[in-house]
Amino acid sequence: MGGAGAGGGGLMMAGQQTTAMTQGGMAPPPPGAEIPGGGGGGSMGVPVLNSALAADLVDKSQLTSKQAKNLSHLPIVAIDMYGSDPVVAMFPPKPKTKNVDADNHNDTNTNLGANLVGKFQPQIHLNKGENSHKILRKYLTKDKTYDDLKADTLASSSKTDTVLIDSPHRFLGIRRIKDCPNYIKSKTTNSLLQEDNSAGLSAAISEEASQESIFLTNGSLDGVSTPSGDDFDRLVYKVRLAKTKKAVTLLPEEATRMILSVAQSSVARKHISGNGTDQDDPLDFPVAIALPAWACHDASVESWMDACPEGSVFFQRSVAALCGGLQPSKNKSPNLLHDRINKVLQMKEAEHQKENDGTDLTYTPLVVTVGLTKDGVECTAIEVAETQNYLPACLFGNYRVICSVSIPDSTAVGDCIKKLYETLEYVAPELDGPVGFLTYSSNQEEMTKLKTSLETTRRSLESWENVPIIMARPDVVAIGTATLAGVTHGRLHVLIRPKKKPKAHLALRVQNVAPTAVGVRMTYDNGKTWTPVKTVFDFDRRVPAGPYPMELTAAECAAMRETTEYEDDEALQKATAKHEGRKGIPKREEAALAFQLEVVQKWTRTGEWIRVGDIQRPLTKIVDEAEQIRVACEKNTLELSLAGTGIITQAFEGQLETVVQATTSARNSKLRYYIGVILAIAFFGGFLVKSYWEEHVFNRDTARLLTYYKNVLPGSLADGDERNARYLVWKYRNKKQKLWKRLEVKYGEPVLEIHEWPEPEEGEAKDEEIDDLDDAADEKGETQDEEDEQDEPDL
């Protein structure tokens, strides 16, 4: 394993655990939730298979169940890398599977907790010499292992013949020197940051132009190509270990990986000393990193993911500080923050009981965390809920972040607090004031400075001037990070028994907000002028968020090329409609080819928008890779998502039809639509016409038959019997000619049309009317059977 100080100044080991997991006097679990293996009452314990209850219980937003299972036998290395005096902690492996009596409260899960390993220096020293140069190059090409690098290249302390790489993690995610934030430039020597070499100088010429042993310059991801201003660019170290050799190109991710290896080796030594086994490779230990708000952006987290081994997880530093600050101290001293929260809860409960309105208490304690590092200050408002006194590692089961403010300036404590106060009044005016300020820093001098600034600032804040200030231990961030990692990996959980059937839940659920903002900006003239940024996900947006769809069309681009100032969306839609159709093809093609888009991210509220990835041309597609020939497309859809750590996921959903193809498809679609409408009208209208015609023919034939009886058989039962006539017409509906023929044969008179019968004379008409009245009087006493006999002629 090598010496404790190999390559990084070493770790100052801590021999005691930070969490007092063996403390007595813990409160029993409430009926609704309990520790794994805890019973819900009864004299006979029911065996519960603990691993079966939580085998897949992991935070799947950062890693999969399979990854957690494969790494469950390894300790987790938690590092407060951004602290002024970085600290390392660890979370032990998951206990082996065993049956636990459901009525016992001594499951091994309750004894799991973060252990302090020691302080840590995020730097490495490289020996000078040709052999060290050779080993380093082979290590970077994976021809040599970390053990070889540690044996021949890494030095244990700073000497005149060594090269120092200090805090390379601060440069993670930075693409070019000009993009380097001021808080980093101000703490970096001029000799380390070389001038921009992208204006015509190759990387080889640039490295030979400097005789420094180490410097940072603009490079590329492969270490050879000339920077071209795209997402392939990287800020790289040039390390010269031998004067006769070319400088070695070292990415900040690779340098950070070396530093992490030192921390992993130190954790391995403590893990082996407690378990007596040396079978696992320390470099496989998963890592947990606490990131300050200004480092929770896409480029930074992406670089961290490249630097860390598989299964590593990342958390917001303020949340980790609260998690560590609520845990019992190693010397069993009172936890001031936890006591303060309990005191306020008791007061609120007593006030609520006095009101006696029959409702439940809805108050949730609010804690404001204030952290300081040499790079800046961050303030976060967090609500804590779901008391779990039976689980010391997670005394509260739910953290709800309300808002977060960060300023990468260590002298801006007062400004940061005031900005948080204003933001909290805006996003959650209904909340009561905080129960306390939790201040944290890994450096005692910074802690004193932080407390002094906070005491001065809170006097000017209405309703906050009496909020107590609670100073946390220097190791709270590392301990909290390790605890959050244990929860994420499924090693800490609670059992809920809603209906006597145990159900495992994460021991701590964190509802984060976005510490950064995400937006898009566009250009409609090939990058000559850009539109103002349209914010998609603003600060304090609940995350994870998305996907958020944005529909992009060539017709809208053509309208925007004419003017970008429209009164409202309706005016823009009218202007867009003018460019649709075949006549607008040339303008739409021109607009689509000139349209460009870039996703941007703002790291701090007062910072600038930083481009994420390359400039994109979503309304074009390449038809010739060799010649890079593009054709215009009609429409596309951009979908953006934001993770809790600031990672941006973007995807384009569209068929990318060319403008001509889309116009043809739209025309064909319109034709198909109208043809379908016509066919539907013809189909359903045909039924209506058919029904109307059949009804008309039926009524016509009925009237024809009644007229025939009136003229051929006047005064008979059939004369004027409409029911009988309708029945006969219905009976012979498909053979009318047969009916007319049989009537003609029977009565000797042809069945004429209504208009063909002669008009009756006036005297005959009166006689017929009298006869009809007489017939009606005679028929009044006849039975229904006699009427039925005349339902049809005796044919």
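If the condition is being surrounded by fewer than 20 Cβ atoms within 10 Å (Cβ to Cβ) and small (Gly, Ala, Ser), then the range 140-175 contributes 151, 156, 157, 158. The C-beta contact set for the range 499-524 (first residue among the hydrophobic types (A, V, I, L, M, F, W, C), second residue part of a loop (DSSP other than H, G, I, E, B) and modelled with pLDDT under 85, distance under 8 angstrom, 6+ apart or interchain) comprises 504/36; 504/57; 506/57; 506/59. Does the range 607-654 hold any residues that are modelled with pLDDT of 85 or more, small (Gly, Ala, Ser) and farther than 27 Å from residue 221 by Cα, and which are they? Across the range 607-654, the qualifying residue is only 632.
Looking at the range 536-545, is at least one residue open to solvent by less than 40 Å² (accessible area, probe 1.4 Å), of a type outside the set (S, T, N, Q) and closer than 21 Å to residue 636 by Cβ?
Here is the first cut: in the range 536-545, the residues open to solvent by less than 40 Å² (accessible area, probe 1.4 Å) are 536-537, 539-540, 543, 545.
So of that shortlist, the ones also of a type outside the set (S, T, N, Q) come out as 536-537, 539-540, 543, 545.
Keeping just the survivors that are closer than 21 Å to residue 636 by Cβ gives 536-537.
Yes, there is a match, as at least one residue in the range 536-545 is open to solvent by less than 40 Å² (accessible area, probe 1.4 Å), of a type outside the set (S, T, N, Q) and closer than 21 Å to residue 636 by Cβ.
Restricted to the range 348-384, and to residues that are in a loop (DSSP other than H, G, I, E, B) and in contact with a helix residue (DSSP H, G or I) (Cβ under 7 Å, 6 or more places away or on another chain), which residue is most open to solvent (accessible area, probe 1.4 Å)? Write out each step before concluding.
We begin by selecting, within the range 348-384, every residue in a loop (DSSP other than H, G, I, E, B); these are 356-365, 373-376.
Still in the list and also in contact with a helix residue (DSSP H, G or I) (Cβ under 7 Å, 6 or more places away or on another chain): 361, 363, 365, 375-376.
Values: 361: 61, 363: 43, 365: 5, 375: 8, 376: 0 Å².
The extreme case among them is 361.
Checked against (1) over 27 Å from residue 325 (Cβ atoms); (2) open to solvent by less than 40 Å² (accessible area, probe 1.4 Å); (3) at pLDDT 90 or above, residue 137 passes all but condition (2). Scanning the range 546-567 for residues that are open to solvent by 40 Å² or more (accessible area, probe 1.4 Å) and in a helix (DSSP H, G or I) yields 556, 561, 562.
Do the conditions hold for residue 547, that is, is it in contact with an Asp or Glu (Cβ under 6 Å, 6 or more places away or on another chain), touching a residue at least 60 places away in the same chain (Cβ under 8 Å) and under 30 Å from residue 62 (Cβ atoms)? Please lay out each step first, then the result.
On the way: in contact with an Asp or Glu (Cβ under 6 Å, 6 or more places away or on another chain): yes; touching a residue at least 60 places away in the same chain (Cβ under 8 Å): yes; under 30 Å from residue 62 (Cβ atoms): yes.
Here the answer is yes, as residue 547 does meet what is asked.
Mind listing just one residue for me: the one in the range 568-584 that is charged (D, E, K, R), open to solvent by 100 Å² or more (accessible area, probe 1.4 Å) and modelled with pLDDT of 80 or more and, of those, farthest from residue 556 (Cα to Cα)? Ranking the qualifying residues of the range 568-584, first place goes to 583. Screening residue 660 on (1) within 35 Å of the chain's Cα centre (by Cα); (2) touching a residue at least 40 places away in the same chain (Cβ under 8 Å); (3) part of a helix (DSSP H, G or I) shows it passes everything except condition (1). Of the candidates 518, 600, the single residue that is part of a strand (DSSP E or B) and in contact with a Lys or Arg (Cβ under 7 Å, 6 or more places away or on another chain) is 600. Among the residues of the range 238-251, just one is in contact with a helix residue (DSSP H, G or I) (Cβ under 6 Å, 6 or more places away or on another chain), part of a strand (DSSP E or B) and not β-branched (Val, Ile, Thr), namely 238. Put simply, of 515, 532 the only residue that is open to solvent by 10 Å² or more (accessible area, probe 1.4 Å), touching a strand residue (DSSP E or B) at 6+ places or on another chain (Cβ under 9 Å) and over 24 Å from residue 656 (Cα atoms) is 532.
How many of the residues making up the range 280-303 are more than 25 Å from residue 381 (Cβ to Cβ) and either at pLDDT 95 or above or in contact with a Cys (Cβ under 9 Å, 6 or more places away or on another chain) (or both)? First the steps, then the outcome.
Our first condition is that a residue be more than 25 Å from residue 381 (Cβ to Cβ); within the range 280-303, this holds for 280-287, 299, 302-303.
Okay, now just the ones that are also either at pLDDT 95 or above or in contact with a Cys (Cβ under 9 Å, 6 or more places away or on another chain) (or both), so 286-287.
Within the range 280-303, residues that are more than 25 Å from residue 381 (Cβ to Cβ) and either at pLDDT 95 or above or in contact with a Cys (Cβ under 9 Å, 6 or more places away or on another chain) (or both) number 2.
Out of 470, 496, one residue alone is touching a residue at least 40 places away in the same chain (Cβ under 8 Å), over 22 Å from residue 321 (Cβ atoms), open to solvent by 10 Å² or more (accessible area, probe 1.4 Å) and of a type in the set (A, V, I, L, M, F, W, C). It is 496. Filtered by the rule that a residue be open to solvent by less than 80 Å² (accessible area, probe 1.4 Å) and modelled with pLDDT under 85, the range 310-347 gives 329, 333.
Could you tell me whether any residue of the range 600-623 is acidic (Asp, Glu) and open to solvent by less than 60 Å² (accessible area, probe 1.4 Å)? If you could, list the steps in order and put the result at the bottom.
So in the range 600-623, the residues acidic (Asp, Glu) come out as 608, 614.
From what's left, open to solvent by less than 60 Å² (accessible area, probe 1.4 Å): none.
Checked the range 600-623: no residue is acidic (Asp, Glu) and open to solvent by less than 60 Å² (accessible area, probe 1.4 Å).
Within the range 134-159, the set of residues being over 19 Å from residue 247 (Cβ atoms) and part of a helix (DSSP H, G or I) comprises 146, 147, 148, 150, 151.
Out of 728, 717, 706, I need the residue that is touching a residue at least 60 places away in the same chain (Cβ under 8 Å), assigned to a helix (DSSP H, G or I) and over 57 Å from the mean Cα position of the chain (by Cα). Which one?
Working: 717 fails: assigned to a helix (DSSP H, G or I); 706 fails: touching a residue at least 60 places away in the same chain (Cβ under 8 Å).
The match here is 728.
Scanning the range 425-442 for residues that are open to solvent by 40 Å² or more (accessible area, probe 1.4 Å) and not aromatic (Phe, Trp, Tyr), we see that the one that is farthest from the chain's Cα centre (by Cα) is 432. Taking (1) more than 30 Å from residue 171 (Cα to Cα); (2) outside any loop (DSSP other than H, G, I, E, B) in turn, residue 327 satisfies each apart from (2).
Scanning the range 452-506 for residues that are in a loop (DSSP other than H, G, I, E, B), at pLDDT 90 or above, of a type outside the set (D, E, K, R) and touching a Leu at 6+ places or on another chain (Cβ under 6 Å) turns up just one, 472.
Suppose the filter is surrounded by 13 or more Cβ atoms within 10 Å (Cβ to Cβ) and more than 25 Å from residue 623 (Cα to Cα); does residue 644 pass it? Before you say what the answer is, go through the steps one by one.
Details: surrounded by 13 or more Cβ atoms within 10 Å (Cβ to Cβ): yes; more than 25 Å from residue 623 (Cα to Cα): yes.
Yes; evaluated as a whole, the condition is true for this residue.
Of all the listed residues (639, 722), the sole one being farther than 30 Å from residue 315 by Cβ, of a type in the set (Asp, Glu) and either open to solvent by 70 Å² or more (accessible area, probe 1.4 Å) or in contact with a strand residue (DSSP E or B) (Cβ under 7 Å, 6 or more places away or on another chain) (or both) is 722.
Restricting attention to the range 406-440, report how many residues are of a type outside the set (Phe, Trp, Tyr) and in contact with a Gly (Cβ under 8 Å, 6 or more places away or on another chain).
Here is the first cut: in the range 406-440, the residues of a type outside the set (Phe, Trp, Tyr) are 406-420, 422-425, 427-436, 438-439.
Restricting the remaining residues to those that are in contact with a Gly (Cβ under 8 Å, 6 or more places away or on another chain) gives 406-410, 412, 438-439.
The total comes to 8.
Do we find a residue being of a type in the set (Asp, Glu) and over 30 Å from residue 756 (Cβ atoms) anywhere in the range 653-669? Checked against the condition, which is being of a type in the set (Asp, Glu) and over 30 Å from residue 756 (Cβ atoms), the range 653-669 yields at least one hit. The lone criterion from (1) over 24 Å from residue 182 (Cβ atoms); (2) surrounded by fewer than 21 Cβ atoms within 10 Å (Cβ to Cβ); (3) touching a residue at least 24 places away in the same chain (Cβ under 8 Å) left unmet by residue 485 is number (2).
Across the range 618-653, the number of residues qualifying as more than 30 Å from residue 290 (Cα to Cα), in contact (Cβ under 8 Å) with a residue 24 or more places away in the chain and not in a strand (DSSP E or B) comes to 4.
The values are calculated or read from the model by the stated rules, or taken from the named source; none is laboratory data. Treat the numbers as computed from the prediction; the structure is a model and nothing was measured. Using ideal geometry, Cβ is built from the backbone for each residue, glycine included, and neighbour counts are taken over all protein chains shown. For accessibility, only protein heavy atoms count, side chains too; no ligands or nucleic acids. Shrake-Rupley method; radii C 1.70, N 1.55, O 1.52, S 1.80 Å.
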